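Structure first, then comments.
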Ligand code: NAD
Ligand code: MN
């Protein structure tokens with residue numbers, strides 16, 4: 001797509017979509033079966049073409065109640081099943097995900113707009129890895145550090161966003177099931193299809209009915225799920241505003257909650273860093289998944305002495321990014337997930353210009369149908385600018401500079417969020433110092449946006465509370481065994 005004469009063109013290399021069988025309509029997955037919903041059905045579209053993919057049932061309050069009842073009933077047997085038996089189901093699910101990985105990747109790219117190389121090489125492998133990882137914990141919960149006999153919480157209400165539809169499902173479902181909980185999960189309204197394919201995988205794995213229930217719908221359905229009185233645990237990933245509303249809705253109940261909310265991460269480049277490597281990390285930090293990433297490196301902090309050099313290299317690299325068909329294997333940046341999200345990105349980028357920052361994008365042709373935004377960088381950004389403070393959740397980078405490590409720390413921490421950060425330097429001592437000073441749940445050193453099921457993930461401040469992943473992720477789904485004094 002780039003017009004730079006030094007950038008050669010590739011022939012189209014589309015992945016075939018024939019591996020996926022998208023049905024014209026989908027019901028709700030309750031008690032092991034697909035059933036009709038009683039709300040008003042809605043459509044999921046392909047954001048790269050705006051074509052309708054399928055009609056999706058909407059769960060009303062009565063449907064949600066049915067799902068919670070099914071989960072409650074299943075909890076009696078699932079929670080008492082020996083951990084090694086639960087782990088067999090999780091291993092089976094993980095292996096089916098691997099077997100059907102191409103189908104899942106293509107469907108994810110069609111429904112979400114993300115490039116196939118990401119759904120194929122990142123999302124789906126990390127999803128399988130999560131199920132494998134927590135399958136391994138299911139019979140070892142007494143070693144989780146929560147006492148000799150920690151117990152599951154009960155029914156978990158799980159509400160997830162559209163940016164990593166299947167991955168967020170895996171982060172929620174795998175630890176919950178490993179610990180002996182049952183779940184009612186609501187996928188995002190623009191990306192329900194891989195969750196519904198996952199429901200089929202649960203059937204294929206002979207998972208007992210009611211252990212996993214999937215109810216589709218928008219905010220009202222999500223609200224019904226988290227506020228249902230017979231739910232013991234709420235796990236939410238999404239916007240900070242909705243996270244706050246959920247925290248208010250469950251205050252005064254004894255529901256346990258984990259909230260994974262927004263972010264405005266600083267990606268900090270020191271003058272001693274390997275700059276070419278840093279540029280790759282800056283690019284993957286903000287342009288991975290169209291920047292629809294809560295932990296995206298959306299604020300680039302450059303040490304003043306190398307700022308010009310890094311910007312020159314970064315602009316050159318941005319000129320090689322290929323925007324377009326998510327199913328093309330050469331595509332780096334796919335479609336923006338929805339018209340609403342595109343409008344939000346455009347509005348914030350305009351505010352960036354109005355407030356005096358300098359906007360730059362490489363020349364790049366965008367397809368005519370669908371939702372697209374070119375990779376964009378703003379320089380001359382001050383800390384007071386909206387584009388330095390608000391989560392844009394798109395392929396837009398704001399660049400600030402600093403002179404000393406303490407100025408970098410001060411600027412990096414000057415945000416209501418605290419989800420992630422990146423540090424680029426060749427000095428190990430500086431990495432340790434920065435990791436200690438940065439108020440962020442994850443600090444990447446000389447890399448960015450790396451995800452591993454063994455590593456906990458979560459935020460400080462308005463980025464939420466609780467941790468997902470790793471041994472820490474188990475405590476969100478277990479009651480400590482207090483009798484043993486643990
Ligand atoms: P959102 O918070 O509105 O939606 C996330 C999920 O919550 C969806 O499944 C939605 O249907 C559901 N939901 C909406 N209102 C609800 C309510 N009152 N009670 C229960 N569930 C409810 O987020 P969005 O509209 O998809 O995106 C808006 C912004 O959120 C983005 O621009 C971005 O800033 C942020 N976001 C963050 C993440 C993240 O991973 N941290 C992911 C997606 C979006
Ligand atoms: Mn869709």
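Details
Per-residue answers, yes or no, for (1) more than 16 Å from ligand 2 (Cβ to nearest atom); (2) assigned to a helix (DSSP H, G or I):
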residue: 125; (1), (2): yes, yes
residue: 136; (1), (2): yes, yes
residue: 142; (1), (2): yes, yes
residue: 149; (1), (2): yes, no
residue: 157; (1), (2): yes, no
residue: 161; (1), (2): no, no
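- When the range 163-187 is limited to residues that are assigned to a loop (DSSP other than H, G, I, E, B) and more than 22 Å from residue 107 (Cα to Cα), the one that is farthest from the chain's Cα centre (by Cα) turns out to be 180.
- Options 214, 160, 201; residue that is surrounded by 24 or more Cβ atoms within 10 Å (Cβ to Cβ) and over 17 Å from residue 259 (Cα atoms): 214
- Residue check for residue 150: in contact with a helix residue (DSSP H, G or I) (Cβ under 7 Å, 6 or more places away or on another chain) and under 25 Å from residue 180 (Cα atoms): yes
So that you can scan it fast, the table gives a plain yes or no per residue for (1) in contact (Cβ under 8 Å) with a residue 12 or more places away in the chain; (2) part of a helix (DSSP H, G or I); (3) in the same structural domain as residue 175 (by TED's automatic domain parsing); (4) away from ligand 2 (no atom under 16 Å from the Cβ):
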{"residue": "55", "(1), (2), (3), (4)": "yes, no, yes, no"}
{"residue": "64", "(1), (2), (3), (4)": "yes, yes, yes, yes"}
{"residue": "68", "(1), (2), (3), (4)": "yes, yes, yes, yes"}
{"residue": "77", "(1), (2), (3), (4)": "yes, yes, yes, yes"}
{"residue": "84", "(1), (2), (3), (4)": "yes, yes, yes, yes"}
{"residue": "93", "(1), (2), (3), (4)": "yes, yes, yes, yes"}
{"residue": "108", "(1), (2), (3), (4)": "yes, yes, yes, no"}
{"residue": "119", "(1), (2), (3), (4)": "yes, yes, yes, no"}
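- Any hit, the range 69-76, residues being within 16 Å of ligand 1 (Cβ to nearest atom) and crowded, with 18+ Cβ neighbours inside 10 Å: no
- Test: residue in the range 235-251 that is away from ligand 1 (no atom under 14 Å from the Cβ) and either touching a residue at least 40 places away in the same chain (Cβ under 8 Å) or under 16 Å from residue 156 (Cβ atoms) (or both): no
- Selection count where residues are more than 14 Å from ligand 2 (Cβ to nearest atom) and either touching a strand residue (DSSP E or B) at 6+ places or on another chain (Cβ under 7 Å) or not assigned by TED's automatic domain parsing to the domain that holds residue 475 (or both), scope the range 178-208: 10
- Residue match in the range 288-301 (condition: surrounded by fewer than 18 Cβ atoms within 10 Å (Cβ to Cβ), more than 18 Å from residue 167 (Cβ to Cβ) and not assigned by TED's automatic domain parsing to the domain that holds residue 467): no
- Residues that are surrounded by fewer than 18 Cβ atoms within 10 Å (Cβ to Cβ), more than 28 Å from residue 13 (Cα to Cα) and within 16 Å of ligand 1 (Cβ to nearest atom) occur in the range 325-342; there is at least one.
- Only one entry in 387, 431 is in contact (Cβ under 8 Å) with a residue 24 or more places away in the chain and not in a loop (DSSP other than H, G, I, E, B), namely 387.
- Number of positions in the range 251-297 that are over 20 Å from residue 393 (Cα atoms) and in contact with a strand residue (DSSP E or B) (Cβ under 6 Å, 6 or more places away or on another chain): 9
The values are calculated or read from the model by the stated rules, or taken from the named source; none is laboratory data. Predicted model, so just to flag it, every value in this text is computed and none were measured. Note that we place each Cβ from the backbone using ideal geometry, even for glycine, and neighbour counts take in every protein chain shown.
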